[in-house]
Amino acid sequence: MKDEKNRFLLRVCAAFVATSSAACSVGDVSDLFAFRSTVVNEDLTIRTADGRIFRGDPASIEVRAPLPDGPSATASVTLSTADRRGYGLSVAFDISTETLLEGTFSVALSDGYGGGTLAHLSQSGARIIGPGTISLRTSSGKLNGQFETSDEAFAAGTIEGRYEVVCLVLPEMLDMPPNGETSQGTWILVEDEAKASKFCQTFAGL
């Protein structure tokens, strides 16, 4: 459970750093949020049912190639937004690459540390919102959808904006010298920016 919590906090950190100039490490999430304004981008917008607006950079879809004798291919989806006070609203979840290619999917949001996470980040730290469901549609770099939860403060909201796809593969998939296994079950992956590998070509049109 502790490892799962740390992984969640790291994803929350990464989500917040994407909308600010701050650095982050596990254990100091609450220190990131003071009473300050923030420059907010408009590539991604989340609107809550009560009218609050959170904006940010394009959503990130990170596709990872299958590993030898390890996990199968997967896609990590991260949405990172903030309001003008600097308070954040972030979503993070994993789906299979097959589900990603379908272009329409729903993910259960957990109020624990398993499954998808919707988190509100304020000066008091990160609060996980849930349980609930998030549904998204993706096509040609644009996404839209909505979420619903049992949380009174974030009962529902809409999501609209752009996304970017990053594809990570083993170096040998790009005819590069293999880096091998850094430790048991841990492999070095590199970004296939041109999506030239056979694996990444599948996601070139997303």
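Just so it is clear, none of the values below were taken in a lab; they were calculated from the coordinates. Computed from a predicted model, the values in this text were never measured in an experiment.
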Potential lengthening between K198 and I53 on full extension [0.36 nm per residue; Cα-Cα distance subtracted] = 48.2 nm
Between rounded, prolate and oblate, where does the stretch 115-206 land on the alpha carbon gyration tensor, with a ≥ b ≥ c its root eigenvalues, rounded for a/c under 1.5, else prolate if a/b exceeds b/c?
-> oblate
